[in-house]
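Please treat every number below as a calculation from the coordinates, not as lab data. Owing to the predicted nature of the structure, the values given are computational and were not obtained by experimental measurement. Heads up, the Cβs are rebuilt from the backbone with ideal geometry, glycines too, and the neighbour counts pull from every protein chain shown.
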Amino acid sequence: MSPTIDYYYFGLSPFAYFGHKAICDVAKANGATLNIKPVNLFGLWEVSGAVPPAKRLPIRQKYGSIDIPRVAEYRQVPVTLPPAHFPVDVTLSDSCAIAIADQGADPAEYVGAAMAGVWNDGANMSEEGEVASRLTKCGFDADAIMNAAKSESVAEKRATYTQEAIDSGAVGVPAYVLNGEVFFGQDRIEYIDHALKTGRAPFGV
């Protein structure tokens, strides 16, 4: 049986964006199934004690202003700073990933395009037109996906994924769970690659 990675993300997270291609590449290289699961980040923060960037102490905000472009450069992911539209409500955009997966398709390309919309393209990803544009470019029926994304069943799945992430021990996003072991942050992707390649037993399980 192939290994499975649960990948929890929030569409406004720069670090989820920077790590997106890397985690997709690691999963593919190791024959792992990648379950992409958007979450309500504020739900995780309520449990972990984290706060939105604008409410963080100045020293942490300053560090973030250094770390974001540094990680982008390391991962070789294009970024335009500051983002033109941030923060915005990405509930619909993120929920489309669930609707795509519910159709039996892979949402990875769309998720990458949606996060690039925020962090490189200057798009307002709370606008339906921007969401539809990226769905169409990725080969999906935009109207059908967005209609499904607005359903109660998709909202319930997003809430379930949020609770799953909390129960796994995730304190933020991106978070990845392999064999019950949680990895928080895009800087842990290489650890996941190591765990997959060596087959080591999970920690903390």
- Percentage relative contact order, the chain, counting C-alpha pairs under 8 Å, at least six apart: 32 percent
- Item | Cα gyration tensor, the range 1-119 - rounded (a/c under 1.5), prolate or oblate | prolate
- Message: What distance in nm separates the two pseudo spin-label positions at ASP89 and ASP67, each 7 Å out from Cα along the beta-carbon direction?
- Response: 2.9 nm
- Interchain or long-range residues, amide H under 5 Å from ASN35's placed H: ILE5, ASP6, TYR7
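With the cut-off at 23 Å, tell me which of the pairs LYS37/LYS150; LYS21/LYS62; LYS55/LYS157 have Cα atoms farther apart than that.
Numbers: LYS37/LYS150 16 Å; LYS21/LYS62 26 Å; LYS55/LYS157 29 Å.
Those over the limit are LYS21/LYS62; LYS55/LYS157.
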- Task: Which order do the peptides 126-139, 59-72, 91-104, 183-196 take when ranked by the mean count of other beta-carbon atoms within 10 Å per residue, highest first?
- Result: 91-104, 183-196, 126-139, 59-72
- Over all directions, average the projected area of the Cα convex hull of the range 91-130 and note it in nm². 2.6 nm²
- Task: Have a look at the range 4-198 and give its Rg and Dmax from the Cα atoms, expressed in angstrom.
- Result: 15.8, 45
